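To keep things clear, I will list the structure first and then write my remarks on it.
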Amino acid sequence: MAEEQQLRQDLEELRHLESIAKRPRVLSLLSSEIRNLDATLSKVTAASALNYVTLGSFSWDQDNDKIKLYLLLEGVQEGKMETVFKPVSVDIKFHDVQGKNYRFSILKLNKEIVPEKCKVVVKPTKVIVTLSKASKGNWLDLHFKEDKLKPSLDKDKDPMAGIMDLMKNMYEEGDDEMKRTIAKAWSDARSGKTADSLRGYP
C-alpha cells in the first residue's frame, strides 16, 4: 500500500533526525511527531490486514423499551471489540476470536435507537447486544423496510373506497349473477357486514 510505504519512509527520516538532534525542544517535537506517525501507521497496517467474517447467526426479542440481540459467538474478549451505535445503525467488530475477526452490522434499523444507552454483554458462548428504543412500542422487524403502499395512501380517504372501486368495476364487467352477488356484498359492506356472499362465487 502506497500510504503505508510513505508513512514508513517518513518515520525512518524522523528517527534519523531524532538521533542527531541535540536541543531538548527539537527532540521533544520530533519524539511527539514520531509517536503520532507510529500510531497512524499501526491503524493503516491493521486496517489493511483485517478481514471480517460476517456474523449471521443471531436471534432477537424485545419489550416496550428495548431490543435484545443474541449473537452466537464463542470466545469473545471484551477488550477486543469495536462497537459503533448510531440512531439508525449498529456495527460491531470482534477481533481475534479463535484466530478470526467477525463483524455484525445492521445498516438501517427499523426505527431509531438511543446510542448512548445501548450496551454489549459478553457471555462464554454468546454476545448480548441491548438496543434502547428511542420511542416505546413494538418493532415488526429489525431492518427498515420501505412501505411501497404508503405514498399512495391518502390519510383522509375512506379505507373502504379502494374496495368499493374494485367492486364497482367487477359489477360493470360481470354477468347477471356476478352483479347480484356484488350488489348484495356492496349492501352488506355499506351496512357494516362482511362480504361473505362473495365467498361462494367461484
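Got at least one residue in region 60-79 being part of a strand (DSSP E or B), in contact (Cβ under 8 Å) with a residue 12 or more places away in the chain, open to solvent by 30 Å² or more (accessible area, probe 1.4 Å) and small (Gly, Ala, Ser)? Checking region 60-79: not a single residue is part of a strand (DSSP E or B), in contact (Cβ under 8 Å) with a residue 12 or more places away in the chain, open to solvent by 30 Å² or more (accessible area, probe 1.4 Å) and small (Gly, Ala, Ser). Take the conditions (1) at pLDDT below 65; (2) assigned to a loop (DSSP other than H, G, I, E, B); Leu140 misses just one of them, which is (1).
Does any residue of region 2-11 turn out to be at pLDDT below 95, among the acidic types (Asp, Glu) and open to solvent by less than 60 Å² (accessible area, probe 1.4 Å)? Within region 2-11 (the criterion being at pLDDT below 95, among the acidic types (Asp, Glu) and open to solvent by less than 60 Å² (accessible area, probe 1.4 Å)), the answer is yes, since at least one residue qualifies. Looking only at residues in region 20-56 that are within 19 Å of the chain's Cα centre (by Cα) and surrounded by 11 or more Cβ atoms within 10 Å (Cβ to Cβ), the one that is nearest to Phe104 (Cα to Cα) is Leu55.
Restricted to region 125-140, and to residues there that are of a type in the set (D, E, K, R) and open to solvent by 40 Å² or more (accessible area, probe 1.4 Å), the residue that is farthest from Lys66 (Cα to Cα) is Lys126.
Filtering region 3-19 for residues that are basic (Lys, Arg) and under 30 Å from Phe104 (Cα atoms) leaves an empty set.
Here region 86-103 is the region considered, the condition is being in contact with a strand residue (DSSP E or B) (Cβ under 7 Å, 6 or more places away or on another chain) and farther than 16 Å from Phe144 by Cα, and the residue that is surrounded by the most Cβ atoms within 10 Å (Cβ to Cβ) is Phe94.
Scan region 42-52 and give yes if some residue there is closer than 16 Å to Asp96 by Cβ and of a type in the set (Phe, Trp, Tyr), otherwise no. It would help to see each step written out before you state the result.
Pass one, region 42-52, residues closer than 16 Å to Asp96 by Cβ: 42, 45-47, 49-52.
Pick out the ones that are also of a type in the set (Phe, Trp, Tyr) and you get 52.
Yes, some residue in region 42-52 is closer than 16 Å to Asp96 by Cβ and of a type in the set (Phe, Trp, Tyr).
Among the criteria (1) over 30 Å from Pro124 (Cα atoms); (2) modelled with pLDDT of 85 or more; (3) among the β-branched types (Val, Ile, Thr), the one Val44 does not fulfil is (2).
Residue by residue through region 49-59, note down the ones that are outside any loop (DSSP other than H, G, I, E, B), over 17 Å from Asp141 (Cα atoms) and touching a residue at least 40 places away in the same chain (Cβ under 8 Å). Across region 49-59, the qualifying residues are Tyr52, Val53, Thr54.
The criterion of being free of Cβ contacts under 8 Å to residues at least 60 places away in the same chain, part of a helix (DSSP H, G or I) and within 17 Å of the chain's Cα centre (by Cα) holds for Glu116.
The values are calculated or read from the model by the stated rules, or taken from the named source; none is laboratory data. Given the structure is predicted, the values throughout are model-derived calculations rather than measurements. Neighbour counts are summed over all protein chains in view; Cβ atoms, including those assigned to glycine, are modelled from backbone coordinates with ideal geometry. Ligands, DNA and RNA are stripped out before the accessible areas are found, and what is left, the full protein with its side chains, is counted by its heavy atoms. Shrake-Rupley method; radii C 1.70, N 1.55, O 1.52, S 1.80 Å.
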